[in-house]
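Values quoted throughout were computed directly from the atomic coordinates according to the rules given, and no laboratory measurement underlies them. Predicted model, so just to flag it, every value in this text is computed and none were measured. Heads up, the Cβs are rebuilt from the backbone with ideal geometry, glycines too, and the neighbour counts pull from every protein chain shown.
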C-alpha cells in the first residue's frame, strides 16, 4: 500500500548524499519514487545516483546545488521540473552545525549556518511551491531536538532551527487549503557526519567535535520513521531519543533541565569541559 502511495512520485532531497538524506533517498526509491538528489559533493552525487539505479532500478536525477545560493536553488528546482515534470515531495534536509561560544564566534559563522539551514530551505521551497501546490504535494523539513532543548555552544544552529519552525508553521497554514502538507521533523542524535564537520568560532572545521554520551539513532531508522510520517501526512514528527520525561522536564522545570540535562545533551561534563 505504501509503495503505491509514492510510486512514480517525484521526491527532491537536499543534502541527499549522506546521513539522513541518503537514507531517505534509499527509502523513497524502494517505494518506487523518482528521486532528485541535491548536494554540493560532485563525486558522491554521481556514485550514489549509480548505486540507486543499479540496486533499485530507480529513476534518479543528481544535481549539484549549494542551497545557500538562491540562484543555484532556482536552477536546480527548474532542472528537476524540466526532467520529471514536477515536484511531489520536497525534503529540506541539508544542514550544518557549529561548536563555539557565542561571544567568540565570528559573524560569518552565524551567516553561514543561517544561509544553509534556514535560507536553503526557504530558497528551495519558494521555487518548488507552485509545482507542489499544483500536485497537492508535501514539504518535509528536518529540524532538531534543539527546538525544545537548546544545546550549549550551538547558538547559531539552535537559532536556525527555531527560524525553520517559524517559517514553516506559518507556511503550513497558508497552503493547507491548497492541499499541500508541511511536516516538521525533529530527530534526536543520529549517526551522521554533521558533528564531525562542525564549524568552530573562526569558521574553520573541527573534525573531532565531541558527541553526547546518549543513545544515537541510525539514519536508516530515522528515514523509516520519516517515510511513515509522510505516508500519514503528519504535521509534526518528534523522533528525539531524548525521552518524553526529558521533554516534560524541559517544559515544566526549565532551570533544572538547563542545569542537569543540557550539558549532557551537549556533550559537556559537569566541569564544563567537552566529553
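The stretch between residue 42 and residue 30 holds 2.0 nm of extra length on full extension. This uses 0.36 nm per residue minus the Cα-Cα distance. Residue order for 106, 39, fewest other beta carbons within 10 angstrom first, comes to 106, 39. Using all pairs of distinct alpha-carbon atoms, the Kirkwood hydrodynamic radius of the range 2-265 works out to 18.7 angstrom. The order of the peptides 110-122, 218-230 by mean Cβ neighbours within 10 Å, most packed first, is 110-122, 218-230.
Relative to the 2.2 N^0.38 Å rule of thumb, the range 1-86 has a C-alpha radius of gyration ratio of 1.01. Peptide packing: for 7-19, 88-100, 167-179, 125-137, the average count of neighbouring Cβ atoms within 10 Å per residue gives the ranking 88-100, 7-19, 125-137, 167-179, highest mean first.
For the pair residue 259 and residue 235, label points projected 7 Å from Cα toward Cβ lie 3.6 nm apart.
First measure r as the distance between the Cβ atoms of residue 165 and residue 70, then evaluate 1/(1 + (r/R0)^6) with R0 = 22 Å and state the FRET efficiency to the nearest 0.05. The formula returns an efficiency of 0.55 here. Here the extension length gained between residue 176 and residue 50 equals 41.7 nm, from 0.36 nm per residue of separation less the Cα-Cα distance.
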